[in-house]
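Down below is the structure, laid out as structure tokens.
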Amino acid sequence: MERSWIWYAAKACEGLGLLVVLWGLVMSMSLGMGEEGLKSMAVEGYGLMIGGGLFLLGWLLERRIGSR
């Protein structure tokens, strides 16, 4: 099967989304260790929201072209 540029863009969005979620988790743990609980929760929430949105966008693009 020949892969189109949309497939590569979808995979890039999925990968970037996972990295953003990981970054949010690591930053949340770092802030939590520094006794900044509320800021920690906010960073984790933003990381999950933005990263999850990017991953969902990639997943939807991949479904749209029929590779899933």
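Details
- For the residues I6, I50, a 1.4 Å probe over the protein chains yields an accessible-area ranking, largest first, of I50, I6.
- L18 accessible area, 1.4 Å probe, all protein chains in place, Å² to nearest 10: 110
- Accessible-area composition of region 1-63, carbon plus sulfur, in percent [1.4 Å probe]: 74
- Sorted largest first, the spans of the alpha carbon positions of region 1-46 along the three principal axes are 51, 13, 10 Å.
- Solvent-accessible surface of region 1-66, taken per residue with a 1.4 Å probe and all protein chains present: 74 Å².
- Relative contact order [Cα under 8 Å, 6+ residues apart], the chain, whole percent: 48
The values are calculated or read from the model by the stated rules, or taken from the named source; none is laboratory data. What you see is a predicted model, and the numbers here were worked out from it, not measured in a lab. Ligands, DNA and RNA are excluded from the accessible area calculation, which covers all protein heavy atoms including side chains. Shrake-Rupley method; radii C 1.70, N 1.55, O 1.52, S 1.80 Å.
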